[in-house]
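Notes follow once the structure below has been shown.
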Amino acid sequence: MLDTAQNLIRRAGKQLNLSDEDIEQILKINAEHIFEIKLSSGTSLQAYRVQHNNKLGPYKGGIRFHPAVDLDEVRALATLMSMKTAAVGLPLGGGKGGVAVDPRTLSRQELEELSRKYVQHLYPHIGPDKDVPAPDVNTNATIMDWMVDEYAKVSGDTTKASFTGKSVTNGGSLGRDAATGRGGVIALSELLKAKGLASKELAYAILGFGNVGSFFATVAASTFPQWRLVAAGDSTAAILDNAGLDAMQLSKLKAGGGRFLDWMQAKQITNDALIGLPVDVLVLAALENAITKDNMANVKAKIIVEMANGPIDETAHDYLSSKGVIILPDIISNSGGVVVSYLEWVQNRRGENWDERKVNSNLKRYLTEAVVGILSVSKEMQVDLTEAAFIQAIRRLNG
Ligand code: NAD
């Protein structure tokens, strides 16, 4: 993962004729905090915070609780965060944190103890002007609420601007839940506009109908009724209805813990079949490496929106690009979450609470400018949109 992220940076750096030293400077990680957290039960857990680059502003990036967390993964994710914040034009840097733990093995008290101890270890290195963490895999608003409370206790800072993704009653922002999916819809609509397809009817499929995928579908249904959701998949099965699925109904099913395997109101297909459907747009919102050399030749969509992080591996990316498939890159299309995190940080620092309309209109501005920006770089330098996004980021980081 780290290799892939670094290769993307090297490729873009070469396009910009940067020297090897300049490229190494961008790859360089500023600081790594590696520590052990001892719970009162006696369990010891390995914890990390990697701060990649803060040239544009405080480090920003999630904290992941997962057994597979290791230093290389955290380094890769921190590096990609710097690229994402820079590509979207936020005054923030990139960082990432993690603890190698399966949180399902912890009681609620242990989870709180872990969250608070993580902050006690890190607190000299984080804060509203230094490094502002957020939720990631297996961390959520409750965990951010514990962390911000612990940070206030040890530092005296009461702005709550030291963490984002908090609950709305505790300084979190309205609109954060839907932000990543909404950002993807905005990004796709800008791309379609640029291609002269804005008002055209289109059929699309979503692989991964979770938090991001379901908000993508419901926001799309309310803003672009000419986009028809024909298939959706979760980890159990995919469902297909060429006449169109009801995004709101499916979103309610998933919110209630339902599975597509049990959904009998549409035809059941496999996720592999979903990936090979002759749709106009394929939205990848499940996990990394959904499309690799094993299934890349099956793809028939003309446009792919990367909502998950790294859903198309390098080989498949190059193959699909060479076939003329347009890929909206993850660091742009899934950046809605970090944009609204940034807006939460701004609100906390100013002591303001914005209504959802204001949050969404700011989100739209950032995403629209980001897509217009990479389309222009892509045209200017004759590169695909992924390379254009990295070029855009590196220009800002190297400026
Ligand atoms: P989630 O767990 O809510 O949803 C993931 C969905 O994918 C679930 O419906 C799951 O059933 C499905 N899934 C899992 N494995 C699958 C498989 N093999 N085939 C088909 N479907 C499968 O997670 P999420 O928060 O929606 O995140 C999805 C992706 O987006 C992740 O890669 C995440 O890193 C990325 N992302 C999320 C955010 C955010 O704000 N949540 C921001 C940026 C990027």
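The values are calculated or read from the model by the stated rules, or taken from the named source; none is laboratory data. Treat the numbers as computed from the prediction; the structure is a model and nothing was measured. Note that we place each Cβ from the backbone using ideal geometry, even for glycine, and neighbour counts take in every protein chain shown. Side chains included, ligands, DNA and RNA excluded: accessible areas come from the protein's heavy atoms. Shrake-Rupley method; radii C 1.70, N 1.55, O 1.52, S 1.80 Å.
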**Subset tally (residues that are touching a residue at least 40 places away in the same chain (Cβ under 8 Å) and within 16 Å of the ligand (Cβ to nearest atom)) for the range 96-142** = 11
**Complete:** Residues of the range 300-346 being of a type in the set (V, I, T) and more than 15 Å from the ligand (Cβ to nearest atom), in sequence order, are I303, T315, V325, I326, I327, V346
**Message:** Pairs please, first residue from the range 5-32 and in contact (Cβ under 8 Å) with a residue 12 or more places away in the chain, second anywhere and surrounded by fewer than 16 Cβ atoms within 10 Å (Cβ to Cβ) and small (G, A, S), Cβ atoms under 9 Å, 6+ apart in sequence or on different chains.
**Reply:** G13/S19
**Message:** Just to be sure I understand, how many residues within the range 8-32 are among the polar types (S, T, N, Q) and either open to solvent by less than 60 Å² (accessible area, probe 1.4 Å) or not in a helix (DSSP H, G or I) (or both)?
**Reply:** 3
**Asked** Just wondering, is there one or more residues in the range 255-263 that are of a type outside the set (S, T, N, Q), in a helix (DSSP H, G or I), more than 9 Å from the ligand (Cβ to nearest atom) and over 25 Å from the mean Cα position of the chain (by Cα)?
**Response** yes
**Fill in**
Here the residues within the range 164-185 that are in a helix (DSSP H, G or I), open to solvent by less than 50 Å² (accessible area, probe 1.4 Å) and within 14 Å of the ligand (Cβ to nearest atom) are A178, A179, T180, G181, G183, G184, V185
**Condition met for A161 (open to solvent by less than 10 Å² (accessible area, probe 1.4 Å) and over 24 Å from S44 (Cβ atoms))** = yes
**Pairs, first in contact (Cβ under 8 Å) with a residue 40 or more places away in the chain in the range 184-204, second in a loop (DSSP other than H, G, I, E, B) and among the β-branched types (V, I, T), C-beta under 7 Å, six or more apart** = A203/V279; Y204/V279
**Message:** Looking only at the range 195-216, filter to residues that are within 15 Å of the ligand (Cβ to nearest atom) and assigned to a strand (DSSP E or B); which one of those is farthest from the chain's Cα centre (by Cα)?
**Reply:** A205
**Asked** Failed condition for Q268, given (1) open to solvent by 50 Å² or more (accessible area, probe 1.4 Å); (2) within 13 Å of the ligand (Cβ to nearest atom); (3) closer than 22 Å to Q249 by Cβ, with all others met?
**Response** (2)
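This table checks each residue for (1) in contact with a Gly (Cβ under 6 Å, 6 or more places away or on another chain); (2) polar (S, T, N, Q); (3) not assigned by TED's automatic domain parsing to the domain that holds A134.
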position: E36; (1), (2), (3): no, no, no
position: Q46; (1), (2), (3): no, yes, no
position: R49; (1), (2), (3): yes, no, no
position: G57; (1), (2), (3): yes, no, no
position: G62; (1), (2), (3): no, no, no
position: H66; (1), (2), (3): no, no, no
position: L71; (1), (2), (3): no, no, no
